[in-house]
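The structure appears below as structure tokens.
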Amino acid sequence: MSVLVVGSIALDTVKTPVEEHADLLGGSASYAAVGASFFSRVNFVGVVGGDFPREHVEFFRGRNIDLEGLQTVEGKTFRWSGEYHWDLNTRETRSVELNVFEHFNPELPESYRATPIILLANIAPKLQSHVLDQAEQPRFVIADTMDLWIDIAKDDLLALIARVDLLILNDGEARQFTGETSLVRAGAQIRKLGPKYVAIKKGEHGCLLFGEDQFFSCGAYPLEDIHDPTGAGDTFAGGLAGYLASLGDGEITFDNLRRAVVHGSVLASFNVEAFSLERLRSLTMADIEQRYQLFRLMSHFEVLG
Ligand code: AMP
């Protein structure tokens, strides 16, 4: 089964307390699509300008990512710049240049419309809804979002999340969205707005998954070296969606989702080991499987008695 990924494609400039790199491949869709491509074929929808390096397009192509939905239009590619604080958990946006992204209208090629798993990576919720309007009976719809849309487009976001199966957001966003300090309450409250499942990411502290009377708390793989946290959330979502697609067309159960969350977390843990998508370029399935097993051993504990 394939995954449809729509989101931003960017050239990023990222500064951490120890390094700064400019014009890196980035964007929510880039991380999500490459993350998903480890497990399944990807149908990719996004926009770039004439300045977008050819080598990045070839990288996507080489990763089992279908590019019929990639629009190349006149103008400059979306650019984002961010700076991380010492803890590498918090960051500030230094600049945003929307460029060709300003007039982005995500159009699904005919061949993408029946893609069974849809991942709406972070873009304006109105555009995410527009993608769903064009889809034909998807089996499972996942949406990611960010604080900006909670601030400036909450009604659009509410309309979108009524149509998705799984909403992914981070802890700060879940609190901002619901006004709850407790993430457990926030997760339950968001579920009442429509999504069958909610995943709340907690950065280096892992992730909480909420379903109906079901709950899963997944840690984060402990890393010695984090170089660039950019795109961790998008890689997580991509790995999760790709893993679900790899399961074929059986029912998507809470147990499947738990395993998908762990796969997403493993992929995100690799992604932050280098800037941009560099670590994903050399990553193998054997690396993923080995870390999955180590992660399982670290997280497991015995029954009492
Ligand atoms: P994350 O670290 O998961 O928040 O994702 C970072 C990526 O999101 C970067 O590569 C940016 O290019 C991209 N990004 C930043 N702002 C936006 C936005 N307003 N809409 C879509 N993508 C964005």
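The values are calculated or read from the model by the stated rules, or taken from the named source; none is laboratory data. None of the values given here were measured: they were computed from a predicted structure. Glycine also receives a Cβ, built like all others from the backbone with ideal geometry; neighbour counts cover every protein chain displayed.
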Discussion item. With the requirement that a residue be aliphatic (A, V, I, L, M), away from the ligand (no atom under 15 Å from the Cβ) and either free of Cβ contacts under 8 Å to residues at least 24 places away in the same chain or within 14 Å of residue 20 (Cα to Cα) (or both), what does the stretch 63-88 give you?
Written reply: 67
Worksheet, complete the sentence: Within the stretch 240-265, the residues that are without any contact (Cβ under 8 Å) to a residue 12 or more places away in the chain and part of a helix (DSSP H, G or I) are 255
Practice prompt. For the stretch 25-35, state whether one or more residues are over 23 Å from residue 260 (Cβ atoms), touching a His at 6+ places or on another chain (Cβ under 7 Å), at pLDDT 95 or above and not in a helix (DSSP H, G or I).
Written response: yes
Item to complete: Say whether the condition of being farther than 14 Å from residue 26 by Cβ, modelled with pLDDT of 95 or more and touching a Lys or Arg at 6+ places or on another chain (Cβ under 7 Å) is met by at least one residue in the stretch 115-122.
Response: yes
Worksheet entry | Checklist (1) at pLDDT 95 or above; (2) within 11 Å of the ligand (Cβ to nearest atom); (3) touching a strand residue (DSSP E or B) at 6+ places or on another chain (Cβ under 7 Å) applied to residue 91, failing item | (1)
Worksheet item: Cβ-Cβ below 6 Å, separation at least six or inter-chain, first residue in the stretch 35-57 and surrounded by fewer than 17 Cβ atoms within 10 Å (Cβ to Cβ), second basic (Lys, Arg) and in a loop (DSSP other than H, G, I, E, B): which pairs?
Response: 51/76
Worksheet item: Where in the stretch 114-191 are the helices (runs of 4 or more DSSP H), entirely inside, with at least 2 residues that are within 12 Å of the ligand (Cβ to nearest atom) and more than 23 Å from residue 211 (Cα to Cα)?
Response: 147-152
Discussion item. Quick test of your reading of the structure: residue 204 fulfils all but one of (1) more than 16 Å from the ligand (Cβ to nearest atom); (2) at pLDDT below 95; (3) not β-branched (Val, Ile, Thr). Name the failing condition by number.
Written reply: (1)
Worksheet item: From the list 237, 268, 286, which residue is outside any loop (DSSP other than H, G, I, E, B), among the small types (Gly, Ala, Ser) and surrounded by fewer than 16 Cβ atoms within 10 Å (Cβ to Cβ)?
Response: 286
Worksheet item: Would you say residue 43 is in contact with a Leu (Cβ under 6 Å, 6 or more places away or on another chain), under 20 Å from residue 144 (Cα atoms) and more than 11 Å from the ligand (Cβ to nearest atom)?
Response: yes
Worksheet item: Hey, among the residues in the stretch 1-23 that are within 21 Å of residue 99 (Cα to Cα) and either assigned to a loop (DSSP other than H, G, I, E, B) or touching a Cys at 6+ places or on another chain (Cβ under 7 Å) (or both), which one's farthest from the ligand (Cβ to nearest atom)?
Response: 9
Item to complete: Name the residue, out of 78, 38, 59, that is in contact with a strand residue (DSSP E or B) (Cβ under 7 Å, 6 or more places away or on another chain) and either of a type in the set (Phe, Trp, Tyr) or modelled with pLDDT under 95 (or both).
Response: 78
Fill in: Condition met for residue 30 (within 12 Å of the ligand (Cβ to nearest atom), polar (S, T, N, Q) and either closer than 22 Å to residue 241 by Cα or in contact with a Phe, Trp or Tyr (Cβ under 9 Å, 6 or more places away or on another chain) (or both))
yes
